[in-house]
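**Q** Quick one: the structure is below, questions incoming.
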Amino acid sequence: MTGGTAGPPAGDLPEETTVGIIGGGPAGLLLSRLLHRSGIPSVVLECRDRSYVEQRQRAGMLEQTTVDVLRGCGAGARMDREGLVHDGIELRFDGRSQHIDFPGLTDGRRVTIYAQTEIVKDLISLQLSELSDGAPLLFGAEVHSVSGLGPAPESEPADGYGHLHGHGHGPEPLDPESERPVLHYTHEGRERTLRCDFVVGCDGFHGVSRSALPASVVRTYEREYPYSWLGILAEAPPSCDELIYAHSPRGFALHSMRSPSVSRLYLQVPNGTDPAEWPDERIWDELDARFALRDAPGWRVNRGPVTSKAVLPMRSSVTEPMRHGRLFLAGDAAHIVPPTGAKGLNLAVADVAVLARAFARYHGTGDTAALDGYGADRLRRVWRAEHFSYFMTTTLHTSPDQSPFDTRLQLAQLDRIATSRTAATELAENYAGLALLD
């Protein structure tokens, strides 16, 4: 099955549901799964076909909390069999190597390498296997607009914690009598509508849900970085057991992996770089140069056929608020981080895990407090993750205009992490993942 519907026949598509979810990536699929486990109806509308969704190459490092959420909703069996559990990362700088011991610094928390593509396959498989009472999943369902969100408040945009300037509070509490939003979408050539009690946008930065926020309340904070990553997939066994983050006078490099036989490797390159400028041999030689160690001059990266090569721009973005009336944003629809801190997928999972709990509370008791506080609560954690990602990025990369003074500051910071348990713990706690809620 590559398109169409995972749910009722096309002629019997639901016209209303409790939670309408825009986007069938990991965030939307996981939210639907969590809601289903709580007995809350939902419908997922995904504009792409199934094969495309299952092949999108994205993140692969899972925080301990993400692993726990996937296990808790019954989506962790294959991850536990095939995922690669890591006890830390290795920092390389100034010709030195320093291991950061996550379990020893975080009371046992670890990270797991398991590709986003595999998470998506697992969640779709669960959706199909429980089709008789599961939530419909519509592929090739392009949402064009969201109506019925009500008027925007007559106030200034939200500040950094979702609080309206001059008012000291976030968006207005949910009104049980307010109008229900409607999703307008096209599926198999027909215009359709889906009336929802709530809408959750998991459709990315360019999706319709983010653009549905009224201009009078939305504010977007962005940062563009002056470098990109050249990333490759190679049929080569990983060169070590854990990820290596390398600071080098030649630029940043990252050693990662997808499986015991497939390596994922990255090089810092100038913005606008054409991958064709980097033949395979040049990539391997540059990786060896950036990972070089004084005490192990013979250390080399394992080489093999390169199966994928692409340049990835680096940017940060946060859109506020993350809730407007009955519309909620999650994942890339609300925030984007540079990949250095491995936060993107994990932030999305945390968003929907917290949101699913809030819906379950409302569904069970009618209490809207958790839904009302979703935006402000998540933004605190989002900005924490944005800061950590910024710290990792700016500490490990070399800017085009970087001075020797700037480089010495970076090396001093890395040395601090290598020699101070307090500094190492701060990195480990943020990397392995903070708890969902304070």
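**Q** Within region 230-273, name every residue whose backbone N is under 17 Å away from a label modeled 7 Å from Cα of Leu293 along the Cβ vector.
**A** 238-248, 253-256
**Q** Run the paramagnetic zone check for Thr394: 7 angstrom along Cα to Cβ, then residues of region 410-438 with backbone nitrogen under 13 Å.
**A** 410
**Q** Another question, then. Between Ser125 and Asp12, what is the FRET efficiency for a Förster distance of 25 Å, r being their Cβ-Cβ separation, to the nearest 0.05?
**A** Working: r = 23 Å, r/R0 = 0.91.
E between Ser125 and Asp12, to the nearest 0.05, is 0.65.
**Q** At 1.4 Å probe size, with no ligands or nucleic acids counted, give the accessible surface of Ile22 in Å², nearest ten.
**A** 10 Å²
**Q** By how many nm would the segment from Thr368 to His144 grow when fully extended, if each residue of separation counts as 0.36 nm and the alpha-carbon distance is taken off? Can you show the working numbers first?
**A** On the way: separation 224, 0.36 × 224 = 80.64 nm, distance 2.83 nm.
Stretched out fully, the Thr368 to His144 stretch lengthens by 77.8 nm.
**Q** To one decimal place, what orientation-averaged projected area in nm² is obtained for the convex hull of the Cα set of region 10-115? Please report the intermediate quantities before stating the final value.
**A** Values: hull surface 39.1 nm².
Approximately 9.8 nm², given one-decimal rounding.
**Q** Dividing the convex hull volume of the Cα atoms of region 236-371 by its residue count, what figure in Å³ per residue is obtained? Intermediate results must be reported in sequence, preceding the final value.
**A** Values: hull volume 22.4 nm³, N = 136.
With only Cα atoms used, region 236-371 gives 165 Å³ per residue.
**Q** Which FRET efficiency, nearest 0.05, do Ser178 and Arg421 yield, Cβ-Cβ r, R0 56 Å? Don't skip to the answer; put the middle values down first.
**A** Working: r = 51 Å, r/R0 = 0.92.
Calculated value: 0.65.
**Q** Still on this structure: Between 0 and 90 degrees, rounded to the nearest ten: what's the tilt of helix 344-365 against the longest Cα principal axis of the chain?
**A** Roughly 30 degrees, rounded to the nearest 10.
**Q** Would you tell me the accessible area of Tyr362, worked out with a 1.4 angstrom probe on the heavy atoms of the protein chains, in Å² to the nearest 10?
**A** About 60 Å², ignoring ligands and nucleic acids.
**Q** OK, next. Would you calculate the separation in nanometres between label points at Arg223 and Trp383, each defined as 7 Å from the Cα along the Cα-to-beta-carbon direction?
**A** Roughly 1.3 nm, to one decimal.
**Q** Let me ask something else. Would you calculate the separation in nanometres between label points at Thr186 and Gln98, each defined as 7 Å from the Cα along the Cα-to-beta-carbon direction?
**A** 5.5 nm
**Q** Please report how far the C-alpha centroid of region 288-324 lies from that of region 26-93, rounded to the nearest whole angstrom.
**A** 21 Å
**Q** Over the C-alpha atoms of region 192-262, what are the Rg and the largest Cα-to-Cα span, Dmax, in Å?
**A** Every Cα atom of region 192-262 included, Rg and Dmax give 20.4, 56 Å.
**Q** Let me ask something else about it. In degrees from 0 to 90, rounded to the nearest 10, what is the angle of the helix 421-432 Cα long axis to the longest principal axis of the chain?
**A** Tilt relative to the chain: about 40 degrees.
**Q** Using the Cα centre as the reference, give the magnitude of the dipole from point charges on the C-beta atoms of the chain (Lys, Arg: +1; Asp, Glu: -1; all else neutral), rounded to the nearest 20 debye.
**A** Numbers: 43 positive and 57 negative charges, 145 e Å.
With Lys and Arg at +1 and Asp and Glu at -1, about 700 debye.
**Q** Taking all pairs of different Cα atoms in region 354-423, averaging 1/r and flipping that mean, what Kirkwood radius in angstroms comes out?
**A** Values: mean 1/r = 0.0650 Å⁻¹.
One over the average 1/r among Cα pairs gives 15.4 Å for region 354-423.
**Q** Still on this structure, please answer the following. State the percentage of accessible surface on the chain attributable to carbon and sulfur atoms; use a 1.4 Å probe and exclude ligands, DNA and RNA.
**A** 49 percent
**Q** Give me the Å³ per residue figure for the convex hull around the C-alpha atoms of the chain. Each step should come with its number before you reach the end.
**A** Numbers: hull volume 67.3 nm³, N = 438.
Looking at the chain, the number lands at 154 Å³ per residue.
**Q** Run the Debye formula on the Cα coordinates of region 223-288, all scatterers equal and no solvent, and tell me log10 I(q)/I(0) at q = 0.12 1/Å.
**A** For the requested q values the scattering log ratios are -0.31.
**Q** Antiparallel as a % of all DSSP beta bridges within the chain, to the nearest 5? Can you show the working numbers first?
**A** Details: 59 of 78 bridges.
Here the antiparallel bridges make up roughly 75 percent for the chain.
**Q** If you take the charge dipole of the chain about its Cα centre, with +1 on Lys and Arg Cβ and -1 on Asp and Glu Cβ, which of Leu29, Leu345, Val146 is farthest toward its positive end?
**A** Leu345
**Q** In the neighborhood of Leu371, defined by Cβ-to-Cβ distances under 14 Å, what is the net charge if each Lys or Arg adds +1 and each Asp or Glu adds -1? Intermediate results must be reported in sequence, preceding the final value.
**A** Details: positive: Arg323, Arg326, Arg357, Arg361, Arg378; negative: Glu172, Asp175, Asp197, Asp351, Asp367, Asp372, Asp377.
My count for the surroundings of Leu371 gives -2.
**Q** Tell me the angle of helix 26-37 to the major Cα principal axis of the chain, expressed in degrees between 0 and 90 and rounded to the nearest ten.
**A** Between the helix axis and the principal axis of the chain, the angle is about 50 degrees.
**Q** If region 317-361 were replaced by its equivalent ellipsoid, with semi-axes equal to the square roots of 5 times the Cα gyration tensor eigenvalues, what would those be, largest first, whole Å?
**A** Ellipsoid half-lengths, sorted descending, are 20, 14, 5 Å.
**Q** Below 8 Å, C-alpha to C-alpha, sequence gap of six or more: please give me the relative contact order for region 201-338 in percent.
**A** Values: 260 pairs, mean separation 52.6, N = 138.
38 percent.
**Q** Probe of 1.4 angstrom, ligands and nucleic acids ignored: what's the accessible area per residue over region 48-108, in square angstrom? List each step's numbers first, then the result.
**A** Values: 2710 Å² over 61 residues.
Each residue of region 48-108 exposes 44 Å² on average to a 1.4 Å probe.
**Q** Oh, and also: 7 Å from Cα along Cα→Cβ at both Lys309 and Arg195: what's the point-to-point distance in nm?
**A** Rounded to a tenth, the inter-label distance reads 5.6 nm.
**Q** Okay, helix-only estimate at 222 nm for the chain: each DSSP H run of n ≥ 4 adds -39500 (n - 2.57), divide by all residues, round to 500 deg cm²/dmol; what do you get?
**A** Details: 13 runs with 143 residues, N = 438.
So the helix-based figure for the chain works out to -10000 deg cm²/dmol.
**Q** Related question: Show me the ranking of peptides 280-288, 328-336, 352-360 by mean Cβ neighbours inside 10 Å, starting with the highest. Walk me through the numbers before you get to the answer.
**A** Numbers: 280-288: 16.3, 328-336: 28.6, 352-360: 22.7.
Per-residue Cβ counts within 10 Å, averaged per peptide and sorted highest first, yield 328-336, 352-360, 280-288.
**Q** Using only protein heavy atoms and a 1.4 Å probe, report how much of Trp299 is accessible, in Å² to the nearest 10.
**A** 50 Å²
**Q** May I pose another question? Whole number in Å², please: accessible area per residue of region 164-301, 1.4 Å probe, ligands, DNA and RNA not counted. Kindly include the intermediate steps, with their values, before the conclusion.
**A** Numbers: 6470 Å² over 138 residues.
On a per-residue basis, region 164-301 sits at 47 Å².
The values are calculated or read from the model by the stated rules, or taken from the named source; none is laboratory data. The structure displayed is predicted, hence computed values, not measured ones. So basically every Cβ, Gly included, is an ideal-geometry build from the backbone, and we count neighbours across all protein chains shown. Areas reflect the complete protein model, heavy atoms only, side chains present, ligands, DNA and RNA absent. Shrake-Rupley method; radii C 1.70, N 1.55, O 1.52, S 1.80 Å.
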